[in-house]
1. Could you tell me whether residue 134 is under 21 Å from residue 242 (Cα atoms) and of a type in the set (Lys, Arg)?
2. I'd like to know if region 190-202 contains one or more residues that are in a helix (DSSP H, G or I), modelled with pLDDT of 95 or more, under 30 Å from residue 107 (Cβ atoms) and touching a strand residue (DSSP E or B) at 6+ places or on another chain (Cβ under 7 Å).
3. May I ask you to list pairs of residues, at least six apart or on different chains, whose Cβ atoms are under 7 Å apart, with the first in region 222-241 being within 17 Å of residue 178 (Cα to Cα) and the second being of a type in the set (Ser, Thr, Tyr) and surrounded by 13 or more Cβ atoms within 10 Å (Cβ to Cβ)?
4. Are any residues in region 167-189 of a type in the set (D, E, K, R), surrounded by fewer than 18 Cβ atoms within 10 Å (Cβ to Cβ) and not in a helix (DSSP H, G or I), and if so, which ones?
5. Among the residues of region 126-161, how many are assigned to a loop (DSSP other than H, G, I, E, B) and either in the same structural domain as residue 58 (by TED's automatic domain parsing) or within 30 Å of residue 258 (Cβ to Cβ) (or both)?
6. Does residue 74 fit the bill of being part of a loop (DSSP other than H, G, I, E, B) and either without any contact (Cβ under 8 Å) to a residue 40 or more places away in the chain or under 23 Å from the mean Cα position of the chain (by Cα) (or both)?
7. Out of 101, 91, 82, which single residue is out of contact with any Phe, Trp or Tyr (no Cβ under 9 Å at 6 or more places or on another chain), assigned to a loop (DSSP other than H, G, I, E, B) and not assigned by TED's automatic domain parsing to the domain that holds residue 187?
8. Are there any helices (runs of 4 or more DSSP H) wholly within region 8-68 with 3 or more residues that are touching a strand residue (DSSP E or B) at 6+ places or on another chain (Cβ under 8 Å) and not aliphatic (A, V, I, L, M), and if so which?
Amino acid sequence: MDGLKRISYSQYSLWKQCPYQWKIQYVDGIRDYTDSIHTIFGTSMHEVIQTFLHVMYTETAKKAESLDLDDLLRVRMKKNFESAVKQNGGEMFCEEKDMVEFYVHGTEILDFLKKKRGQYFSKKGYELLGIEVKLDYDLPNNLKFIGYLDVVIKDTVRNVIKIYDIKTSTMGWNKWVKADSNKTDQLLLYKQFYAKQYNHPVDKVEVEYFILKRKLYENLDFPQKRVQKFVPANGKPSMNKMIARFKEFIDECYDEDGNHKDVSYEKCVGKCKAYNKCKDL
């Protein structure tokens, strides 16, 4: 161990959303995280798609497309569900019909991705640099930023690194979600620290959210896609704003030795998204 205090995007994001809830969790150590069918599904879909891409890039696209992704999803959802129930003291947090519904949605997404794979991922001129690539970057104030990148691919022709973050969503991201810095700052931070850690020009790092839609709108006369691609604004002005917000978090919450500052936060009055988690604390 190097003695540095670890911080993650989740910590920063929670502080932006609700400083009081951040203090409760990360200073006072009172955690109230529980798994749900959404987290089980999201984790399982991540694992299946990462497996598909790993086989595609390290072996052949034909072999990747021959994988039984439906069965792989079934196995991963079952394993992740059983693990979550065990961690929750045996408490069930969803019904069997919910698992079946989410599984069916997952198979529909995977079927779409197999058929349309060439629209999203190409082998020619591209190289897979890694799955779950670790960011481990030293910061000021005796801190270290830790993060894991879902998929990192290199465009060998342009010498550009592309970082993908896989998200699951009920029906995709609307304009309000896309405008929420709590969402977009994640990939901007990853871009910044990847460039620094791996000594790659920041303007040669691209980012993209790869959003998997569980459901489609009904009664529409045109075909809909199960995958939504979203590239957040990540040019110099957007990066500078993100860096300033992140620096504010560090300066407000940590002293020069990496210890939490003695900062008092007031409970909100119901407007915060985290209100239901901490109103009774």
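The values are calculated or read from the model by the stated rules, or taken from the named source; none is laboratory data. Model, not experiment: these values are computed from the prediction. Neighbour counts run over all protein chains shown; Cβ positions are idealised from the backbone, glycine included.
1. It is true that residue 134 is under 21 Å from residue 242 (Cα atoms) and of a type in the set (Lys, Arg).
2. Yes, some residue in region 190-202 is in a helix (DSSP H, G or I), modelled with pLDDT of 95 or more, under 30 Å from residue 107 (Cβ atoms) and touching a strand residue (DSSP E or B) at 6+ places or on another chain (Cβ under 7 Å).
3. Matching pairs, first to second residue: 227/120; 230/209; 232/184.
4. 180
5. Looking only at that region, the number is 3.
6. Answer is no for this residue.
7. That would be 91, the only listed residue that is out of contact with any Phe, Trp or Tyr (no Cβ under 9 Å at 6 or more places or on another chain), assigned to a loop (DSSP other than H, G, I, E, B) and not assigned by TED's automatic domain parsing to the domain that holds residue 187.
8. Qualifying helices (runs of 4 or more DSSP H): 37-58.
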